[in-house]
Amino acid sequence: MKKKKQEIKGIGESDLVILSDWDFAIELHYEPGGTPSVVRKARKKSLNRFLNSAQERGIPLVELTSLDESHYKKCNEGEEIPPEFYRDVALAMALVYRTQEAPVLAKIIKVRQPGKIKKGKTASDVTRELEDLLKISPVAVELGVELYDSRLKKVEEGLAQVRSRLVLELGINFPKIDLRKNSLLPLFGFQVKIREIKVTEGSLDETLETADPLLSLFNQVRQAVTEFASDLLGYHEVEALVENIHKNNPTLIKELFPHHLNIPTLRFILRNLLREGISIRDLTAILEAILDNLSRSADPDLLTEYIRSAFGYYLCNKYTDPSGKLNVLLAGNGLERIITGSIRETSQLRWLELPPDHGLSILRAVSDEIKKAAAVGIAPVVLCSPTVRRFLRRILEGTFPYLAVLSYSEIPPLTEVSVVGTINL
């Protein structure tokens with residue numbers, strides 16, 4: 001029995017347009033908790049004007065190749081969609097919600113397979129399929145239609161290589177990069193998402209005579225994952241890392257867990273390291289550094305600083321120039337005094353209470369020195385005392401996310417240090 005006709009929603013209230021390769025389109029409206037209804041439909045001569053209107057209003061267009069002429073005939077304006085259309089529309093809506101800036105849950109009340117319902121397949125089974133579609137992917141790359149259709153295999157192969165390299169460089173094992181088609185992007189456009197949040201986007205120029213135009217995509221994926229690596233390290237990933245160490249070094253794990261260290265604290269420390277671009281691949285060395293310094297402090301931030309000191313050779317090797325020289329901007333005495341005087345502490349915590357005008361003065365002074373160094377082709381790091389290092393880094397990271405801040409305790413003996421400027425206040 002057909003549903004009773006409803007009042008047709010206004011043009012501005014439409015949520016989705018379903019497009020078929022049978023050359024017709026159906027515009028739908030959905031209210032949470034209800035069944036999608038047909039706002040209007042078009043075919044053949046009026047189809048182009050219909051689709052242009054939808055695009056001008058920002059309504060997502062989704063192509064469903066499973067639709068045929070019978071679907072068009074059974075969808076009447078002002079009425080709910082027929083039951084055999086439920087699952088197709090639900091999948092289309094799930095796709096649209098996955099391409100938003102953040103994950104949004106869709107609640108579809110009536111879900112069933114098109115045509116006859118097969119025995120053993122319930123609505124809850126299909127709902128679980130939709131939940132799989134809406135799950136959060138740690139890393140996802142969405143491609144425009146033309147880029148997806150013409151270069152899919154090469155993109156898959158390239159992203160697999162990027163992921164393998166990142167796992168080795170960062171020391172974290174994240175799942176296969178999720179690759180999707182997004183019809184809302186430019187034909188050769190792409191965007192990279194970390195936990196379904198867009199962090200970068202771009203478009204390939206297929207007319208450029210470059211060795212491989214996909215290198216731009218792969219480089220942006222690599223940079224995005226490196227920058228947001230700390231967001232990919234969850235409790236499950238940390239537990240897996242610890243379990244792997246336990247197989248080869250059970251004594252170390254027994255010394256630390258559970259009386260001196262736990263998974264949340266270790267995760268906090270590892271995220272601190274990743275946030276500053278330090279690989280956690282050598283987790284054994286990290287755990288040994290924690291064990292060596294537990295008598296000095298149990299503060300995760302201080303333990304991070306002790307680990308950095310133990311990794312001094314790694315840090316200097318990471319930031320030295322091709323000639324082996326470490327170019328630094330030296331934190332002046334005035335800057336050190338201001339930060340030291342703004343540190344507050346209790347028996348368990350240390351934090352910074354820096355007046356806003358002092359923070360702005362520090363940022364301006366650092367910016368001036370960076371420009372001077374850049375003018376002569378030098379990319380320096382900031383060098384300061386161990387007491388102020390983590391606080392100075394937090395002042396600078398929002399404005400200068402790629403500027404490394406090292407302490408004197410992190411510089412190994414015999415390291416050639418070249419002071420290219422001093423940050424004075």
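General remarks:
- Any chance Gly398 is out of contact with any Cys (no Cβ under 6 Å at 6 or more places or on another chain) and modelled with pLDDT of 95 or more: no
- Single residue of the stretch 249-272 satisfying the filter (more than 22 Å from the chain's Cα centre (by Cα) and aliphatic (A, V, I, L, M)) that is surrounded by the fewest Cβ atoms within 10 Å (Cβ to Cβ): Ile263
- Against the conditions (1) at pLDDT 95 or above; (2) under 28 Å from Phe174 (Cβ atoms); (3) not assigned by TED's automatic domain parsing to the domain that holds Glu239, Leu315 satisfies every one except (1).
- Within the stretch 331-373, the set of residues being of a type in the set (Gly, Ala, Ser), at pLDDT below 95 and under 31 Å from the mean Cα position of the chain (by Cα) comprises Gly359 only.
- Residue match in the stretch 290-300 (condition: in contact with an Asp or Glu (Cβ under 8 Å, 6 or more places away or on another chain), among the aliphatic types (A, V, I, L, M) and not assigned by TED's automatic domain parsing to the domain that holds Ala374): yes
- Strands (runs of 3 or more DSSP E) contained in the stretch 314-377 and holding at least 2 residues out of contact with any Phe, Trp or Tyr (no Cβ under 9 Å at 6 or more places or on another chain): 325-331
- Residues being of a type in the set (Phe, Trp, Tyr) and either part of a helix (DSSP H, G or I) or within 17 Å of Glu169 (Cβ to Cβ) (or both) - total across the stretch 228-266: 2
- Total residues in the stretch 28-40, condition surrounded by 11 or more Cβ atoms within 10 Å (Cβ to Cβ) and either outside the structural domain of Leu95 (by TED's automatic domain parsing) or not hydrophobic (A, V, I, L, M, F, W, C) (or both): 8
Table: residues versus (1) within 24 Å of the chain's Cα centre (by Cα); (2) under 28 Å from Leu403 (Cβ atoms); (3) at pLDDT below 95.
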position: Lys198; (1), (2), (3): yes, yes, yes
position: Lys247; (1), (2), (3): no, no, yes
position: Gly277; (1), (2), (3): yes, yes, yes
position: Ala285; (1), (2), (3): no, yes, no
position: Ile290; (1), (2), (3): no, yes, no
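- Enumeration of residues in the stretch 41-60 that are at pLDDT 80 or above and surrounded by fewer than 18 Cβ atoms within 10 Å (Cβ to Cβ): Arg43
- Whether a residue is within 30 Å of Gln55 (Cα to Cα), of a type outside the set (S, T, N, Q) and assigned to a helix (DSSP H, G or I) was assessed, and Leu270 does not pass this test.
- Of all residues in the stretch 353-372, none satisfies being basic (Lys, Arg) and surrounded by 19 or more Cβ atoms within 10 Å (Cβ to Cβ).
The values are calculated or read from the model by the stated rules, or taken from the named source; none is laboratory data. The structure displayed is predicted, hence computed values, not measured ones. Here Cβ is always computed from backbone atoms with ideal geometry, including for glycine, and neighbour counts include all displayed protein chains.
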